Amino acid sequence: MVNIEKYLKDQIKDFYKLVEVIPNSNGTHVIKYIGLSYGIDRTPIFGSSSHTLNLTQILRDIAISEILTIKKEKNQLQLDESLLTEEQIEKLDKLRSAQKSIFFNFEILNQCKIEWSNQFKVGDRVNFKGHYGIITYKHQMKSKNTPQEWTVRSNGFEYRYVSGVLLSLNKKEDLSNIKIDKELDKLSTIKLLKMYKKSLKRGRGLGNKRIKRILYDREDVSNREIKKIINYR
């Protein structure tokens, strides 16, 4: 069974969530979607965007239940119903009439931010403000309609009430193929951390992998002692 969002992720580089598909007179389709990109400091950036593709074949292969994953009547996939059987059209109409929730574009955007913020857990390695950090606490939220907030330790600072929208996962790379630099390995962990931070700035977020290779084998001293506690909101 074809999943249209998975298909669009393969076709559109910054695709995150589908909002609407609008057919053009020339046989192509305008895909309105929520895009996800990253700033220089690896902070997630969500925004509304659009892209034009020909989805005629892919739409023929999509099951009716998948067509209606978007809850807003206006934002449902607008198909040429001549592609469907009478039984499918009848089922489609019944499902449309059963929908009660109305989502506007900004609400879908907020939904994406909440979904993103909820993906983390205590102990996760994350990127925060261009630096490496560790999530140490999940805050109790008063509403389910706001992004989850976390406590993050980074560079000796403890940041509390940090919105998950400002975080991205720091996935550990396999650096086993990088030979350990004997001269760098003689330096202290503190010294290496300072050098690595400088390399992040020079490399626009891409740090020196020779230093990173050594740090991955060292104890993380950057978050051992807390210098200052900062309430982020």
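Per-residue Cβ neighbour counts within 10 Å put Ser50, Ser168, Ser176, Ser163 in the sequence Ser176, Ser50, Ser163, Ser168, beginning with the fewest. Relative to one another, the C-alpha centroids of region 117-192 and region 13-43 are positioned 28 Å apart. Taking the number of Cβ atoms within 10 Å of each Cβ as an exposure proxy, the fewest-first ranking of Arg42, Arg218 is Arg218, Arg42. Can you flag which of Lys171/Lys228; Lys13/Lys129; Lys197/Lys228; Lys129/Lys212; Lys121/Lys201 are past 21 Å Cα-Cα? Beyond 21 Å between Cα atoms: Lys171/Lys228; Lys13/Lys129; Lys121/Lys201.
Once you sort the root eigenvalues of the Cα gyration tensor of region 155-194 as a ≥ b ≥ c, which label holds: rounded (a/c under 1.5), prolate (a/b larger than b/c) or oblate (the other case)?
Details: a/c = 5.95, a/b = 1.71, b/c = 3.47.
In terms of gyration-tensor shape, oblate.
Shown for Trp116, Trp150: other C-beta atoms within 10 Å of each C-beta, ranked fewest to most, produce the order Trp116, Trp150. Ile230 sits among other residues whose Cβ lies under 9 Å from its own Cβ, and their net charge, with Lys and Arg +1 and Asp and Glu -1, is +1.
None of the figures in this text is laboratory data; all of them are computed from the coordinates on show. Nothing here was measured: the structure is a model prediction, and the numbers come from that model. Ideal geometry is used to build each Cβ from the backbone, glycine not excepted, and the neighbour counts take in all protein chains shown.
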